[in-house]
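The values are calculated or read from the model by the stated rules, or taken from the named source; none is laboratory data. What you see is a predicted model, and the numbers here were worked out from it, not measured in a lab. Please note: Cβ atoms are built from the backbone with ideal geometry, for glycine as well, and neighbour counts cover all protein chains shown.
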Amino acid sequence: MNRESLAKLNIGLITHVYCDKFKSTKTSVYLEITVRKRKVMRGKKRIIIHIDMDHFFTAVEERQHPEFKGKPVVVGADPKEGKGRGVVSTCNYKARKFGIRSGIPISRAWKLCPEAIYQPVDYELYRKVSDRIMRILRKYAEKFERWGIDEAFLDITSRLNDYNEAEALARQIKKEIFKKEELMCSIGVGPNKLIAKIASDFQKPDGLTIVEEKGVQRFLAPLPVRRLLWVGRKTEQKLKKMGIKTIGDLASYDPAVLTETFGVMGIQLHLMAHGIDRSEVEERREVKSISRDLTFEEDTADSEFILNTLDKLSNEVHKDVADQKLCFKTVTVKVRYENFETHTHGKTLPFTTNRLRDIQKTVRELMQDYLRSERKIRLVGVRVSKFVSGKKQKTLI
Ligand code: TTP
Ligand code: MG
């Protein structure tokens, strides 16, 4: 595909881009991206709040166990005195001082801080707490969007007049969450979701960061590109090789080269670096997928054992699905071999269902290819997705 058609395709795909002009010649393609002032100015400028709970799982554990106070706490797999094989879900700020982070092997966490308190993951409890927090938040906004287990966006434009009022509201939200749940959160306030989210992460824990539209560029410029949504480690490395470390570097980079290098995401990167994000705060299905993973005590090629484990994981997933009165269409398995090579394989059923046996049967079917080889498996997982609410479901048992 040549540069011109690539860029045209990109424009077609990114429907929310504010693109007034698109110019292209044989040798250069560039997008002139300007905010459509007419349209934006006609309406009131948006004020968006993003709330993210501080070290959520461990904060809930600390609340349940006052004796943990002041100690490093890690929630995740059993460390088994350094021989454990799962990962850290999260840890409190005291444990972060030792270098522990979400996602690192639990064995490494143990090496970094054997004296920390290690707690298993209690999803059911965290979900209940999360549901209560979301109920508190929802009432503050006309438009509310739960973004994950411990974060949400609120569009408060229609209820407030300016950023002073937004600041007062943010403080009130913090106060109410603390009073009712004894938990702390960090809040970001900004002209769109992107800025609000980056702002909530800016001063953690117990932070409140307000970025008005006129201060967006100044706020973003010194931050590392990794702070932008969708910039993962790989993109970060690629940008680094291009000499782009900060969001300011990215903002001043030629968008044509970004598009050429990253395709559709190049435009997105350019827009994000300029703090542009038109996406709406919208209520949507609260969960996109429900999953459970398990790392085996020892790598194994024992088919029966693996399938029995998957049945148990299916059972746990099903419990969550039933609790939330959901019906699903897609079932996916995850397999990680001993060399960490990881595969996911999914199947969309021709019907929607909420039955355990549909999960178990599909999982067993999907696993067949992976069990034929003698390769040892380290981790397996089950995920269901493509939900419809149980209430809307007509074709159930
Ligand atoms: P985060 O909000 O990313 O992390 P956090 O709330 O623990 O810490 P912070 O104060 O920096 O916001 O994630 C919310 C919860 O999601 C977290 O408490 C545990 C869970 N989680 C995982 O299980 N695995 C992960 O890799 C991450 C990042 C989070
Ligand atoms: Mg959090």
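Values for this structure:
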read-out: Residues being among the hydroxyl-bearing types (Ser, Thr, Tyr) and not in a helix (DSSP H, G or I) - total across region 88-100; value: 2
read-out: Residue within region 144-164 that is within 16 Å of ligand 1 (Cβ to nearest atom) and in contact with a Pro (Cβ under 6 Å, 6 or more places away or on another chain) present; value: no
read-out: Among residues of region 308-333, those that are surrounded by fewer than 17 Cβ atoms within 10 Å (Cβ to Cβ), more than 12 Å from residue 359 (Cα to Cα) and modelled with pLDDT of 90 or more, counted; value: 1
read-out: Test: residue in region 323-342 that is more than 23 Å from residue 299 (Cα to Cα) and in contact with an Asp or Glu (Cβ under 7 Å, 6 or more places away or on another chain); value: no
read-out: The listed residue being among the basic types (Lys, Arg) and over 19 Å from the mean Cα position of the chain (by Cα), out of 227, 233, 218; value: 218
read-out: Residue tally, condition small (Gly, Ala, Ser) and touching a Ser or Thr at 6+ places or on another chain (Cβ under 6 Å), over region 56-113; value: 5
read-out: Residue selected from region 128-143 under the condition under 19 Å from residue 59 (Cα atoms) and surrounded by 15 or more Cβ atoms within 10 Å (Cβ to Cβ), by the criterion nearest to ligand 1 (Cβ to nearest atom); value: 130
read-out: Region 41-65, subset farther than 20 Å from residue 198 by Cβ and at pLDDT below 95, residue nearest to ligand 2 (Cβ to nearest atom); value: 44
read-out: Residues being more than 18 Å from the chain's Cα centre (by Cα) and either among the hydrophobic types (A, V, I, L, M, F, W, C) or away from ligand 1 (no atom under 12 Å from the Cβ) (or both) - total across region 76-94; value: 10
read-out: Region 69-95 residues that are of a type in the set (D, E, K, R), paired with ones that are away from ligand 2 (no atom under 16 Å from the Cβ) and assigned to a loop (DSSP other than H, G, I, E, B) (beta carbon under 6 Å, 6 or more apart); value: 78/84; 94/72
read-out: Within region 49-72, considering residues that are within 14 Å of ligand 1 (Cβ to nearest atom) and of a type in the set (D, E, K, R), the one surrounded by the fewest Cβ atoms within 10 Å (Cβ to Cβ); value: 63
read-out: Only one of 292, 233, 218, 278 that is modelled with pLDDT under 95 and surrounded by fewer than 14 Cβ atoms within 10 Å (Cβ to Cβ); value: 233
read-out: Output for region 278-311, where each listed residue is touching a strand residue (DSSP E or B) at 6+ places or on another chain (Cβ under 9 Å) and small (Gly, Ala, Ser); value: 289, 291, 301
read-out: In region 66-87, the residues that are part of a loop (DSSP other than H, G, I, E, B) and within 19 Å of residue 299 (Cα to Cα); value: 77, 78, 79, 83, 84, 85, 86
